[in-house]
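Here is the structure we will look at.
Here, each number is a calculation from the coordinates, and none is a lab measurement. Only a predicted model underlies this, so the values are computations on that prediction, with no experimental measurement involved. Note: ideal-geometry Cβ built from the backbone for every residue, glycine included; neighbour counts use all protein chains shown.
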C-alpha cells in the first residue's frame, strides 16, 4: 500500500518542476454504495490513559517546526523521534527537543519512506504528520498500521478512496486518526460553539466558511514550500484544495456527525486567473516556471446541504488579492454571526437591525479558552497551543478525542467531492456518511466539559 | 392575455387569506430551445425624444406613493393618470399631483382590470407599475400593447413564460420594458461600476449579491402589504423570490448582456423556519393565520456562472433576524470590494492584507452622483431619485435606456430558475439568453456618459 509514490516523481528535480508529467488525482469518487465496515466504529472510543504522551513528528517544514515547540511546551509530552528528508531540519528539531530538557530524538532522514521506520518504533503513542498533502494518507496509514494514534495536518487526504482507507484503517487498528484542525480551537470559534449549543442562535438555518488567503507570494516563493509542492497542486486539478479551516468550525456548530450530517454538495469554479496574472508581473520571460499551466480556478464555490436541510457555503480562493478570511458565519432563527470582521446580531438583545460586537458574549467562553489559552504565542489566537494541549489531555486522561476520524474525513471530503461536481458540470453529488449510519449518536466533540 | 387573473382569487376575502386555494406558479421553465424572435432587438434602440414625459402610475401602495413624488420632482414630468383599487389612495395621489401644480389626474379605481383603461389613454409616454408581483406581467403587457414604455418594480415577472412574453411584447411593440432597479443607481454602486470599468479591479473573477432583509414584522403586518400579498408568496413556492436588488449591480459590473452573459445556475434552499418561529411568538392560537403553511425556505442560495466562467453568488433571506445586506461584492485579479459594511482592498494601493475604506475612491464617482444626487430625500442614498431623473432624461433626449428589457428579464430570471433547480435537487439549469445572441454587442448601459 505504501509503495509507488515517490517524492522524486511528485516534485521532479530538473528543468521546471516536471509538473506536466504528474498524473492527476482521481476525479471521480468510488461508486456508491460506500464501503462496508470491517470493524466497529471509533466514535466515542476513549484513548487508553497514560501518564506521558510520546510523540513522533514527521515533516519539519514551517508547520512542523511551528507545532513541535507547542508539543514541547505541554507538560508530560516527550518527542523521541523526528523525521524529514532534510538532515539539517532534523538537526534543528533535535536541538529544540534538547533545549526542552529531553534526550536528543532519533532522526529519520534516509529518504522518502524512512517515516515507516519512525512509525514502527515501539516507544511512540502519537505520530504527528505535517508534510505536503500527498503524503498525509500514506503516513497516517503507516502510523495506524503500526498501532499509533495519528494527528494529521489539513486536509486529512485528497481523494475519496484515501479518506475511506483511513476510516477503515483507524477502525481496524483501533487507533484514532485525527485532523488537527487548529481553527476549531480558536477562542472565537469555541465561544460561538458554546453559544450555538446553548440555543442562543435558535434553530440553525445556514452557515458559511472559507479559506480566502492571498498565498500568491508564498506559492511562488522558492523557499516557502518544499520544492514548491503547494503550487504544484494548482497545476494538477480543480476544486476546493483546502476545505477544513472553513468547514470544521461550521460543522461543529451544526453537530455534524452528532445529530446532523452533510448530505450533498454542488460546486462551481471560476477560471484560473490570479496565478497567471501574478506570474506575468513577477516571473521573467523564459523562466522554467512559464512551462506550468494552472488548472485550479481562483474561486471555488461549493454549497453543502445537511440531512436537516441546512446550508453551508464553502469557498476557496488563494490566488487573488484580498485580506484573509474564513467567513465563519452561522445563522439561525434567533440571529446571526459573521466573521472577518466579527459582528453579531441576536434576539432578544438586538431588535434594531444594527450589528453588534461579539465581545459582549464572553460569558459563553469555552473552558479551554479560560484555562489554557494564555498568551504564549502572540502571533496567533492561541488555537494551535490549545489544540495540542487538549489532544494531550484526552490521551493522558483516557477520554475520547474531540475530533473523530469521521469528522476528519467529512471536513476533507469537499476536496474530491467538489472535483466530482465540477466534472459533472456543477451537478449535486452525494456526500458520503463516513459514520456509516451513526451520525445521530451523541458522540463527544469540541464542546467538551472540563474533566473533573 | 390579460384575462383570467383576479385579485379576488389571488387574495381571497374571508377567513384567513384563502391561500391554500392558490395554484402554485409554474415550477419548471418552458422547454429549450427558447422562443424565436418575432421582431428585432430593442437593445440600444433610443427613445423618441420629447420635451415632456407623461407618466401614468399603477399601484399607489407604499412604493408607488414613495416614487410618485420623485417623478413630480423631476422637471418636465406630468402625471395625467393614476390607478389603484382603493379610491382613497387614488385621491391621496391626486392631491400630490395637484400640490405639484399640475391638473388633477384621472383616477382609475374600478376594480382589478381598470388599469387597462389607463394604459389605453393616448396622453401617456410611460406607465409605472408598482403593484404586487403577480400583477407586473399583465400590467406591463397591457402598457406595451397600448404603445407605452413601461417601468416595472422588482421583479419584472415571476415565471419564465412571463419574462419571455415581456421580451417579445417589447420587441413587437417597439417600446421599452424596464426593471426600475433603484439599487443600481446608488452612489456606491455607480462608483464601483466606474472603478470596474476603469480596470481598477483587474480581470473580474467573482461577485456576490443578496437580498437579506428581515421582513418578518412587515410580512405579518395587517396593513404593510395590501391584503398581505407578500407573505402569500411564501406559501406558494420556493426559490429566490426577490433577486434583482442583489443581482442587478453585479451584472452591471460584469457587463452582462454587453460582453458577458449569465450561463447557468444552481440553487439550494433551507427549510422554512423563520416565519413559523415568528408566528409562534406573535400570533395567538386559533388565529386564521395558523392555517397557512410556509413553503419558501429561509435562505435560498444560488450560484450563477457566466459565459466567461465568472461566478455570482446570489442569496435571498427575508425570514430570519439579521441586519440588512445586499452583500454587493465584486472581485478580480487586482482586488476586491465587499459591502455591508463597505470595505475594499485594491492593488497597488493595498499590499498589506488589510481592508481599507471606499471613500478614498470618490474620484471615480459617476456623473449622475455628482450632478443629480443632491440630498433631496434623506431617508435613502438618493438612488430612487437618480433612477427616476435619469429615466426621464433618456426619454427626453432620445437616448437608449440604461436598463434594457433583456437586463430586466435576466435579473428577474433567478426566481423561476432557482425553483427549477430546486425541483431537480440542485441540478444546474441553463440560464436563458434573453438577448438571443446579442449579448456581446456594445449596448449602452448604466455606466453612461453625461450627455453634452
To check you understand DSSP bridge types, tell me what percent of the beta bridges within chain B (both residues inside) are antiparallel, rounded to 5.
50
For residue B:293, label point 7 Å along C-beta direction: distances to other copies, nm:
5.3
Label-to-label distances across copies for residue B:101, with labels 7 Å out along Cα→Cβ, in nm, shortest first?
9.1
Here the percent of antiparallel bridges among DSSP beta bridges lying wholly in the range A:240-309, to the nearest 5, is 90
Measure off 7 Å from each Cα along the Cα-to-Cβ vector at residue B:352 and residue B:367, then give the distance between these two points in nanometres to one decimal.
3.7
Residue A:436 versus residue A:287, label points 7 Å from Cα toward the beta carbon: distance in nm?
4.9
When the helices in the protein assembly as shown are scored as -39500 (n - 2.57) per DSSP H run of 4 or longer and the sum is shared across all residues, what 222 nm value do you end up with, to the nearest 500 deg cm²/dmol?
-9000 deg cm²/dmol
Ranking of A:38, B:334 by count of other Cβ atoms within 10 Å, fewest first
A:38, B:334
Ranking of A:314, A:417 by count of other Cβ atoms within 10 Å, fewest first:
A:314, A:417
Tell me the distances, shortest first, between residue B:423 and the same position across the other copies, using label points 7 Å along Cα→Cβ, in nm to one decimal.
3.1
Shape of the range A:353-402 from its Cα gyration tensor (a ≥ b ≥ c, root eigenvalues): rounded if a/c is under 1.5, otherwise prolate when a/b > b/c, or oblate?
prolate
Of all the residues in chain A, which one has the C-beta that comes nearest the axis relating A to B, and what is the distance in Å?
A:266, 2
Between residue A:37 and residue B:218, what is the FRET efficiency for a Förster distance of 41 Å, r being their Cβ-Cβ separation, to the nearest 0.05?
0.20
State the antiparallel share, in %, of DSSP beta bridges confined to the protein assembly as shown, rounding to the nearest 5.
50
Just rank B:154, A:319, fewest to most, by other beta-carbon atoms within 10 angstrom.
B:154, A:319
